[in-house]
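A short write-up of the structure that comes next.
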Amino acid sequence: MEENDQEFLRALHEEKIRTQNERAKLITMKLAFITVLFGVSSVDVKIEIARIFWLIYFVPLVAISYDLYIMSADSRIKRIGVFLGRHPISLAGKAEQEWERFCTSYRDSLAPSANMFFSVIVTLGAAAFIHSQQSWTEHLMKLWFAVWLVISLGVIIALWMRHQALIKNIGNYTPNDNKNKKRYMGL
């Protein structure tokens with residue numbers, strides 16, 4: 001193995017650790033931001049909530065944005081792990097290779113699911129808050145609310161399903177498998 005390859009593999013290990021920390025930080029930021037956004041409604045800031053409740057419409061958009069970053073970091077971590085565990089050039093030790101195979105076989109679907117459920121819960125919470133603040137006299141507002149809610153929940157669930165399929169594809173990686181190359185690259 002060339003010295004460049006060894007340096008690359010060392011950098012890949014460091015990237016995996018850095019991305020794991022990035023993912024944890026993003027999850028914490030998502031929880032904090034949503035908590036603060038909902039907390040504003042319970043604090044007396046001398047502003048009528050009825051005048052600014054429309055800001056709550058952005059809660060799903062913020063949750064989805066964080067979800068995209070979290071899912072991106074998660075898939076990068078999994079790609080690196082599978083590569084290091086399966087590719088012969090990685091020269092990973094037997095323990096690391098076995099660990100990566102074990103992780104792929106017994107994937108933790110709880111964390112990505114928990115993230116999706118949190119996004120669904122905050123979206124439903126935002127919908128309940130908006131519904132309590134609206135005077136539903138206009139049919140157009142009822143339609144807007146229904147469309148917003150259905151699209152928000154649909155996007156969250158679709159992203160979660162897409163992420164699950166991507167992780168499964170990454171887990172099916174075998175070195176020098178050109179027939180699946182386009183699938184792994186998202187094409």
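Scanning the range 77-119 for residues that are surrounded by fewer than 17 Cβ atoms within 10 Å (Cβ to Cβ) and either within 30 Å of Leu149 (Cβ to Cβ) or among the small types (Gly, Ala, Ser) (or both) yields Gly93, Ala95, Ser105, Asp108, Ser109, Leu110, Ala111, Ser113, Ala114, Phe117. Under the condition of being farther than 26 Å from Lys30 by Cβ and in a helix (DSSP H, G or I), the residues counted in the range 111-149 number 5. In the set (1) within 17 Å of the chain's Cα centre (by Cα); (2) part of a loop (DSSP other than H, G, I, E, B), Lys168 fails one condition alone, (2). I'd like to check something: does the range 137-151 contain any residue that is basic (Lys, Arg) and modelled with pLDDT under 75? Among the residues of the range 137-151, not one is basic (Lys, Arg) and modelled with pLDDT under 75, which makes the answer no.
Across the range 30-53, a minimum of one residue is classified as of a type in the set (Lys, Arg) and at pLDDT 85 or above. Taken together, the residues in the range 123-157 that are open to solvent by less than 80 Å² (accessible area, probe 1.4 Å), over 19 Å from the mean Cα position of the chain (by Cα) and not polar (S, T, N, Q) amount to 13. Quick check: anything in the range 158-173 open to solvent by 60 Å² or more (accessible area, probe 1.4 Å), among the basic types (Lys, Arg), within 30 Å of Arg86 (Cβ to Cβ) and at pLDDT below 90? Yes: the range 158-173 contains one or more residues that are open to solvent by 60 Å² or more (accessible area, probe 1.4 Å), among the basic types (Lys, Arg), within 30 Å of Arg86 (Cβ to Cβ) and at pLDDT below 90.
Among the residues making up the range 65-110, those that are farther than 15 Å from Lys16 by Cα, among the hydrophobic types (A, V, I, L, M, F, W, C) and modelled with pLDDT of 75 or more are Leu68, Ala95, Phe102, Leu110.
The values are calculated or read from the model by the stated rules, or taken from the named source; none is laboratory data. These numbers were taken from a predicted model, which means no experiment stands behind them. Quick reminder, even Gly has a Cβ in these numbers, built from the backbone with ideal geometry, and neighbours come from all protein chains shown. Quick note on the areas: whole protein, heavy atoms, side chains included, nothing else; ligands and nucleic acids left out. Shrake-Rupley method; radii C 1.70, N 1.55, O 1.52, S 1.80 Å.
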